[in-house]
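Everything below concerns the one structure shown next.
Derivation of every value follows stated rules applied to the coordinates shown; laboratory data play no part. Here the structure is a predicted model, which is why all the values come from computation and not from measurement. Using ideal geometry, Cβ is built from the backbone for each residue, glycine included, and neighbour counts are taken over all protein chains shown.
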Amino acid sequence: MARAATPGEDEGLDVAIGGGGYVGLCLAVALKQADPSLKVAVVDLRPREVMVKDPRASAIISAASRMLDRLGVWDAIVPQAQPITSMVVTDSRLRDAVRPVFLTFEGEVAPGEPFAHMVPNGVMVENLLKRAEALGVELLAPDAVADFHVDGTGVDVRMESGAKRRAKLLVAADGVRSRLRSLAGIQTVRWDYDQAGIVTTVAHERPHHGRAEEHFLPSGPFAILPLTGNRSSLVWSESRTEAEKLVAGDDFTFELELERRFGRHLGRLELAGPRHAYPLGLTLARSFVRPRVALAGDAAHGIHPISGQGLNLGFKDVAALAQVLIEARRLGQDIGALDVLERYERWRRFDTFRMGVVTDVLNRLFSNDIDAVRAVRDVGLGLVDRLPGLKRFFIRQAAGLTGETPKLLAGHPI
């Protein structure tokens with residue numbers, strides 16, 4: 001089990017990670033598994049029992065599940081993971097009686113390997129936490145980084161508890177409103193969509209057969225993502241004002257509005273979890289690194305959920321950063337030096353920028369009710385649906401299996 005540090009104790013670390021979500025924990029596991037001699041600590045403001053209670057679920061692409069398998073946690077996760085075996089895309093108005101399907105995706109990226117799974121976030125974090133503890137990662141929770149000071153050989157980290165630690169590298173994995181990013185003086189490019197994403201879980205009478213659905217409605221995309229059993233996870237984009245009303249209102253009104261968007265093809269619906277609304281926007285860090293500091297996950301990039309790639313971008317960061325750090329250490333290089341960290345930035349920056357632009361364009365293209373725009377986008381979706389080669393490329397792209405793939409995402413050890 002991980003040992004808690006005594007307040008005020010100053011033990012030397014190789015890597016301190018601010019943020020104990022799936023990105024921070026996954027990075028800690030990847031580093032310790034590749035090099036057990038590394039001293040790694042994860043700092044999180046939440047107590048351990050709260051860290052594992054995230055009620056949301058996320059789409060885990062094939063490449064990410066390969067990495068989780070390599071890190072020794074996928075076997076424990078998979079009993080509660082729902083394979084996504086197909087996906088349909090529609091484009092309609094809310095009042096339309098029929099929602100024509102313009103695009104379908106089916107198939108596997110390899111025999112027996114679907115292009116994605118739906119995984120409860122709490123299950124994922126719990127198993128990553130158990131693996132981190134088994135490997136000897138130090139968990140400092142509940143606590144948070146209050147401040148840090150960088151010098152030529154390391155970074156002095158001061159915790160809110162009063163503990164002080166020195167590390168060679170500090171990784172900010174503390175979310176889209178990252179405090180560590182601000183303390184590092186890293187600016188962001190950000191704009192607000194005036195939308196909120198409503199997230200909840202729904203039970204339904206009939207089975208979904210692993211099919212995901214994305215309905216493009218004028219207020220934004222409405223995604224139905226299959227979970228184990230007769231349940232689905234919803235990611236429902238609305239104007240911020242409307243979303244706040246729906247979340248704050250009574251269950252009866254919410255379920256009526258839900259049924260208007262979900263439809264009745266899976267039978268009677270029933271809320272099976274809490275509902276929350278999260279503001280949607282685009283946030284891109286102008287730099288991913290500073291001397292002794294690196295950003296990962298939402299601290300580096302926050303994108304619209306229209307493509308379901310936000311979490312998976314974070315896993316790509318983990319795989320790339322872990323590989324860069326381990327390879328540098330094996331060469332006897334300083335893992336916190338700027339020239340080492342810039343290798344990670346060069347690897348991840350373009351992919352992140354491209355995904356940010358793609359999701360921004362898609363959201364603007366599909367979150368409107370302009371007839372001319374609707375006609376163009378529907379023709380485009382129809383053309384893609386009729387080109388099997390292009391569909392296969394998009395599936396592999398969505399599964400994270402194209403481009404310069406880090407070793408962990410290909411299922412290989414670092």
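In terms of the Cα gyration tensor, with a ≥ b ≥ c the square roots of its eigenvalues, is the chain rounded because a/c is under 1.5, prolate because a/b exceeds b/c, or oblate? Don't skip to the end; give the middle numbers.
Details: a/c = 1.81, a/b = 1.70, b/c = 1.07.
Cα axes put the chain in the prolate bin.
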query = In the Gaussian network model of the chain, springs joining C-alpha atoms below 10 Å, which of LEU227, LEU68, LEU338 carries the largest mean-square fluctuation?
reply = LEU338
Loop-exposed trypsin sites (Lys or Arg not before Pro) per DSSP, neighbour cap 14 Cβ within 10 angstrom, longest uninterrupted part of the chain = 287-385
Shape of the stretch 232-304, Cα gyration tensor, a/c cut at 1.5 = prolate
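Report the charge-dipole magnitude of the chain in Debye, nearest 20, computed about the Cα centre from +1 at each Lys and Arg Cβ and -1 at each Asp and Glu Cβ.
Numbers: 52 positive and 52 negative charges, 130 e Å.
In debye, rounded to 20, the chain gives about 620.
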request  = Let me know the shape class of the stretch 281-322, please: from the alpha-carbon gyration tensor, a ≥ b ≥ c as square roots of the eigenvalues, rounded when a/c is under 1.5, otherwise prolate if a/b is greater than b/c, or oblate.
outcome  = oblate
query = For ARG364 and ARG264, FRET efficiency with R0 = 41 Å and r from the beta-carbon atoms, rounded to 0.05?
reply = 0.85
request  = Among the listed pairs LYS245/LYS316; LYS53/LYS316; LYS53/LYS407; LYS32/LYS316, give every one whose C-alpha distance is greater than 26 Å.
outcome  = LYS245/LYS316; LYS53/LYS407
ask   = Computed over the Cα atoms, what is the radius of gyration of the stretch 186-318 divided by 2.2 N^0.38 Å, N being its residue count?
value = 1.20
inquiry  = Can you compute the helix-only [θ] at 222 nm over the chain? Use -39500 (n - 2.57) per DSSP H run of at least 4 residues, normalise by all residues, nearest 500 deg cm²/dmol.
reply    = -11000 deg cm²/dmol
ask   = Points 7 angstrom from Cα along the Cβ direction at PHE252 and PHE350: gap in nanometres?
value = 5.8 nm
note = If VAL50, VAL40, VAL123, VAL171 are placed from fewest to most neighbouring beta carbons inside 10 Å, the sequence is VAL50, VAL123, VAL40, VAL171
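By how many nm would the segment from ARG48 to ASP156 lengthen if fully extended, with 0.36 nm per residue of separation less the alpha-carbon distance? If you can, show how the numbers build up before the last one.
Values: separation 108, 0.36 × 108 = 38.88 nm, distance 2.45 nm.
My answer for the length gained is 36.4 nm.
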